[in-house]
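The values are calculated or read from the model by the stated rules, or taken from the named source; none is laboratory data. Because the structure is a prediction, the values reported are computed rather than measured. Ideal geometry is used to build each Cβ from the backbone, glycine not excepted, and the neighbour counts take in all protein chains shown. Surface accessibility is based on the protein's heavy atoms, side chains included, excluding ligands, DNA and RNA. Shrake-Rupley method; radii C 1.70, N 1.55, O 1.52, S 1.80 Å.
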Amino acid sequence: MLIRRPSGYSYRRKVPPSLRKVIGKSEIWVSLVTNSKIIANSRICDIHSLTNELFIRLRLMHDEFKEVLNQSKCLTKDVAKNGVAIQQMILENDKITKKLSINLEEELAQECNDDLRDFIGEAYKPFFNNIIEYYETKVLEVKTQYKTANARYLLCMVLQDKNFSELMELATKTTRFLTNLLHKYKFALDNQKDTSVLEKEMSEILSLFNTMQSQLNNQAPVSSSLFSEASEVFITASSTNWKDSVFRGYRNSIKRFIECCGDKEIHLYTGLDVGNFKELMEKLPANYGRNPKDERTVKQLIEDANTNNLERVSGKSVKNHFSRLSTIWSYYTQRDIVEKNIFSGWRFDSKQKTKRISWSDEYLKILIEASFDIKSSTSKETYGYIVGVASYTGMRLEEICRIRVEDIKCIHNVTCINICEHEPLDKKPETAWNPKTEAGERIVPISQKLIDAGFLGYIKKAQDKKEYYIFSDLTFSGKDNKRSALFQRNFSKHKTKLGIPESTVFHSFRHNISTQLRNIPEYGDSGLREVWIDSFLGHEGNSKSVGNSVYLDAINIQNLKKVADTIKYSDFWDIRKLMK
C-alpha cells in the first residue's frame, strides 16, 4: 500500500499473523525516498517484490520448523510415559505417590515440549534471522539506488537552473537585438534599400530561437523499474488463478520481447520498439514454440526459416504475444508509470492458414475402414467410442476424455452426459476442470445410434470396475496436463497416415453436426429450434431471454434428445467397425 507521509511516500504492508513473531512486527514500512507520486508508484514495485519473496521464504522455513516441532512432540510423549513408569516402579507401595502420578505424564510431556520448543526455536533462529537480514540488505541497496537517483535528479535540476539563467540572459539580449533589427528592416523597406544583410542577420536570430526551444524541451529524466523486474511484479500480483499454460505464455512473451528490444526501464519503450518486435515475430517459422526443448534465439529461428524457406508463424500467434504484453502495459498505465499502452491498436493477419472443414463422406469412409494401429495405451474400443461420441454429440475432445462415471445421468428416462465443472480430487489438482464457457455447462442426451453401438454397455463396465473416468485407459499428459493430449496426437498421426488432409481434424466432427443441424428447418414436426441446437452444442446463442433458457424439465430434455437423434450419417458409418 502506498502511504503519503510528511517526509514523503512510504510502502506499507501488513505482516501475515503466522509470521509476526518471527519478524517481530505486525507491519512493514519502507520509505520510498520521494515526494512524487509517479516516482513512488514506480519504486513500490521493487519493494513489493522483495517483500513477497521475504514472506515466501519465511513461510517455507516456518512450515519446516512446525513439522520438526510436531515430530518432537511424539517423542516427548514416549519419554514422559517411560518416566512415569519408572516413578511408579520405585514408589509402588506409596499410595500418595500413586495419586500424584495421575497428572505426572502430562506435566512431564509439557515440560519436555517447552524445553524442545525453546531448543528448536534457538536452532532455527539463525535461519530466520538470515532471511530477514537478507531482505533488509536488499531493501537498503534499493533505497541507496533511490537516493542516488534523487541526487542525479537534483544535479540535473541545478544544471537546468543554470541553463535556464543562461537562456534568459541570451533571450533578453536576442530580444533587444531583434527589436533593433526590425526597426532597421522597416526603415530599409520604407526607403527601398537593400535588405539582404538584414535578412541574413534575421536567419541567425531564428537559429538562436531554435537553440532556446531545444533547451526548454530538455526535462529532468524520470526513472522506472526495468521491464524484467516490472513484469515479475505484474505476474506476482495477477497470477493467483492462472493455469500453467498462461504462466508459460507470459514468460515466453516477456523473454522474446527482452530478446528483441533489450531490457530497459519500462517507461522508455516506444512504438518503434513494438514495431521492430512485431516485424521480427512475424518472421518466425510456423513450428515455433512446438518443441519445449528448443532454446534457439529469435535471430537463429529466423535464419533457419530463411535458409530452409519455411512457412511463417500465423498472425494469431503474434497477436497472442501482443495481447499478453498489452495486459502488462495496461497494468502500469493505470498506475501512471507509463504514459500509454504502446501495444494497443496494432493489426494482425488473423486468418487461418489452414481452413478447418467438415468430414466428407470420402474421408469418413477411409477412417471407418482403417484399423487403428498406432502403438498406444489407448484400446481400440476406447478409440472407437471417443470418435463415436464426437460424431454424434459434437462434444469437444477434452470434454469427451473427461467424462466421469458420475456424469452419466438418467433424466426423465433419457440417459444423458452432464458436462459440468469438476472439483479436484484429493492431492490430484489436474482433475479440476471447467468447461470452455458458461454455455459449455450443459446436458447432452446420448443418441440412439450410440446406444445401438453398445456405448451404455461400455459405461456399465466402467461403473462395475468403480472407475472414476469412463475412458479409464487415458492419462493426463502434455504441457497442459490434459487427458486428451496423447489421444489427440495419436489420432492426428493416424489420419495423416491415411492421407486425410490437415483441413480435416478431430474437431471437424463438431462442424459436421453444427452444419447438419442448422440446415434443418426450424418449424414443422421435424423442425429444430436454434436455441435447442445452441444448448446441445454448448454455444452462446443469440437469444438471452429467460424464455429461451434451458431448464431440465421433461419437455426440454425431449427436445434435446430430438436434436441428438436427428444427427445422421451415410449407412457405412457404423462406429463398431472402428473397434476392429
Exercise. How many residues does region 20-63 hold that are at pLDDT 80 or above, among the charged types (D, E, K, R) and touching a Phe, Trp or Tyr at 6+ places or on another chain (Cβ under 7 Å)?
Worked result: 0
For this session: Starting from residues that are over 16 Å from residue 201 (Cα atoms) and in a helix (DSSP H, G or I), keep the ones in region 172-191 and report whichever is most open to solvent (accessible area, probe 1.4 Å).
Result: 190
For this session: Filter region 2-31 for residues that are more than 20 Å from residue 142 (Cβ to Cβ) and open to solvent by less than 40 Å² (accessible area, probe 1.4 Å) and give the result.
Result: 16, 19, 22
Exercise. Among the residues of region 32-43, which ones are open to solvent by less than 30 Å² (accessible area, probe 1.4 Å), in a helix (DSSP H, G or I) and either within 13 Å of residue 139 (Cβ to Cβ) or out of contact with any helix residue (DSSP H, G or I) (no Cβ under 9 Å at 6 or more places or on another chain) (or both)?
Worked result: 40, 43
For this session: Sort out which residues of region 225-251 are surrounded by fewer than 20 Cβ atoms within 10 Å (Cβ to Cβ) and without any contact (Cβ under 8 Å) to a residue 60 or more places away in the chain, and write them in order of number.
Result: 226, 228, 235, 239, 240, 241, 242, 246, 247, 251
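Suppose we filter 430, 502 for residues that are modelled with pLDDT under 90 and in a helix (DSSP H, G or I); which single one remains? Steps first, answer last, please.
Working: 502 fails: in a helix (DSSP H, G or I).
Of 430, 502, the one residue that is modelled with pLDDT under 90 and in a helix (DSSP H, G or I) is 430.
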For this session: Would you tally the residues in region 438-450 being open to solvent by 40 Å² or more (accessible area, probe 1.4 Å) and either at pLDDT 90 or above or not assigned by the TED database to the domain that holds residue 470 (or both)?
Result: 2
Problem set entry | The lone exception for residue 81 - which of (1) modelled with pLDDT under 80; (2) touching a Pro at 6+ places or on another chain (Cβ under 8 Å) it fails | (2)
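Would you confirm whether or not region 208-229 contains a residue that is closer than 17 Å to residue 321 by Cβ, at pLDDT 70 or above and either not assigned by the TED database to the domain that holds residue 432 or not charged (D, E, K, R) (or both)? It would help to see each step written out before you state the result.
Narrowing region 208-229 to residues closer than 17 Å to residue 321 by Cβ: 227-228.
Add one more test, that the residue is at pLDDT 70 or above, and what stays is 227-228.
Filter once more, so that each one left must be either not assigned by the TED database to the domain that holds residue 432 or not charged (D, E, K, R) (or both): 227-228.
Yes, region 208-229 has at least one match.
Is there a residue being assigned to a strand (DSSP E or B) and touching a residue at least 60 places away in the same chain (Cβ under 8 Å) anywhere in region 375-386? Walk me through it before giving the result.
Filtering region 375-386 down to residues assigned to a strand (DSSP E or B) leaves none.
Checking region 375-386: not a single residue is assigned to a strand (DSSP E or B) and touching a residue at least 60 places away in the same chain (Cβ under 8 Å).
Which of the residues belonging to region 300-320 are out of contact with any strand residue (DSSP E or B) (no Cβ under 9 Å at 6 or more places or on another chain) and under 25 Å from residue 479 (Cα atoms)?
300, 314, 315, 316, 317, 318, 319, 320
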Problem set entry | Selection count where residues are under 20 Å from residue 241 (Cα atoms), in contact (Cβ under 8 Å) with a residue 40 or more places away in the chain and either surrounded by fewer than 18 Cβ atoms within 10 Å (Cβ to Cβ) or not assigned by the TED database to the domain that holds residue 508 (or both), scope region 396-437 | 4
Exercise. Does residue 198 count as assigned to a helix (DSSP H, G or I), hydrophobic (A, V, I, L, M, F, W, C), modelled with pLDDT under 75 and within 49 Å of the chain's Cα centre (by Cα)?
Worked result: no
For this session: Looking only at region 289-297, decide whether some residue is at positive phi and not assigned by the TED database to the domain that holds residue 497.
Result: yes
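Being assigned to a loop (DSSP other than H, G, I, E, B) and either out of contact with any Leu (no Cβ under 9 Å at 6 or more places or on another chain) or under 21 Å from residue 476 (Cβ atoms) (or both) is the filter here; which residues of region 405-427 pass it? Talk me through it step by step, then tell me what you get.
Filtering region 405-427 down to residues assigned to a loop (DSSP other than H, G, I, E, B) leaves 412-413, 420-421, 423-424, 426-427.
Of everything in region 405-427, those that are assigned to a loop (DSSP other than H, G, I, E, B) and either out of contact with any Leu (no Cβ under 9 Å at 6 or more places or on another chain) or under 21 Å from residue 476 (Cβ atoms) (or both) turn out to be 413, 420, 421, 423, 424, 426, 427.
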Problem set entry | Among the residues listed as 513, 533, the single one being at pLDDT 90 or above and touching a Ser or Thr at 6+ places or on another chain (Cβ under 8 Å) | 513
